[in-house]
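Novice: Next up is a structure, given as structure tokens.
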Amino acid sequence: NRWRYIAWKTVNMVDLCVFYNLTLRVKLLRRQIVVCDRFIPDMFVDLHVYDQGRPSQIWLKLLGWFLPRPAVSILLTAPEDLALRRSSDPECMDSLQAQTHLYGQIQERLKLTVVDNGYREFQDVCDDLVRRMLQAYYGKKCVWFGWEQDK
């Protein structure tokens with residue numbers, strides 16, 4: 001039923017936004033660095049992967065409005081066949097293709113930095129991620145006693 005599905009999406013999104021807002025914003029207010037393994041793109045895909053219709057962009061906009069904006073957003077990608085082999089729960093190839101398509105849409109819309117973890121060694125992927133995080137963290141300008149300094 002379409003209305004039940006919309007109600008389910010709405011309840012899930014409200015639950016996610018409340019949970020993430022309470023958790024993340026408290027940590028951000030304490031000036032802590034927060035690393036989220038799954039965030040807006042993953043929530044959007046989870047809400048739409050089993051939907052046969054075209055996903056409405058309003059859900060992505062709502063997630064963007066109600067959740068804190070990440071300083072750095074990275075999308076780890078892998079070829080579909082490799083992702084299927086890595087999966088502990090063998091998924092239907094149609095579901096995997098739907099996820100790939102949705103992540104592609106989100107990547108364009110949210111301007112996510114793509115890091116391909118396909119056939120690279122685990123250490124190489126980790127080194128690439130750490131380099132990007134440190135670059136983003138130390139590359140920001142800060143205010144120190146009223147003077148702008150590059151840090």
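The values are calculated or read from the model by the stated rules, or taken from the named source; none is laboratory data. This one's a predicted model, so the numbers in the text were calculated from it and none came from an experiment. Here the Cβ is made from the backbone with ideal geometry for all residues, glycine too, and neighbour counts use every protein chain on show. Ligands, DNA and RNA are excluded from the accessible area calculation, which covers all protein heavy atoms including side chains. Shrake-Rupley method; radii C 1.70, N 1.55, O 1.52, S 1.80 Å.
Novice: How much length is gained if the chain between GLN97 and CYS36 is pulled fully straight, taking 0.36 nm per residue apart and subtracting their Cα-Cα distance, in nm to one decimal?
Specialist: The GLN97-CYS36 span can extend by a further 19.6 nm.
Novice: Go through (1) 26; (2) 34; (3) 15 and flag the label whose value is the computed percent of Cα pairs over 27 Å apart for this structure.
Specialist: Computing percent of Cα pairs over 27 Å apart and matching it to (1) 26; (2) 34; (3) 15 gives (2).
Novice: Which net charge results when you count Lys and Arg as +1 and Asp and Glu as -1 among the other residues whose beta-carbon is under 13 Å from that of SER56?
Specialist: That works out to +4.
Novice: Ok, one more. Kindly point out which whole DSSP H helices in the chain project their C-alpha atoms 18 angstrom or further along the helix axis while averaging a Kyte-Doolittle hydropathy of -0.5 or above.
Specialist: Taking the DSSP H segments of the chain (at least 18 Å long, mean hydropathy at least -0.5), we get 2-29, 122-138.
Novice: Using the per-residue mean of other Cβ atoms lying within 10 Å as a proxy for protection, in what order, highest first, do the peptides 112-124, 27-39 fall?
Specialist: 112-124, 27-39
Novice: Still on this structure: Under a 5 Å amide H to amide H cut-off, with H placed in plane at 1.01 Å, what residues pair with LEU76 once short-range neighbours are removed?
Specialist: VAL115
Novice: Counting pairs of alpha carbon atoms under 8 Å apart in space and at least six apart in sequence, what relative contact order in percent does the chain give?
Specialist: Taking the mean separation of contacting Cα pairs over the length of the chain, I get 20 percent.
Novice: On to the next question. Restricting to lysine pairs 8 or more places apart or on different chains, what number in the chain have Cα atoms under 17 Å apart?
Specialist: Lysine pairs satisfying the spacing and distance rule in the chain number 4.
Novice: Let me ask something additional. Sorted by accessible area with a 1.4 angstrom probe, largest first, how do VAL72, VAL125, VAL130 fall?
Specialist: VAL130, VAL72, VAL125
Novice: Also, I was wondering about something else. Could you calculate the contour length gain from TYR137 to TRP65, that is, 0.36 nm times the residue separation minus the distance between their Cα atoms, to one decimal place in nm?
Specialist: Length difference between fully extended and current span is 23.6 nm.
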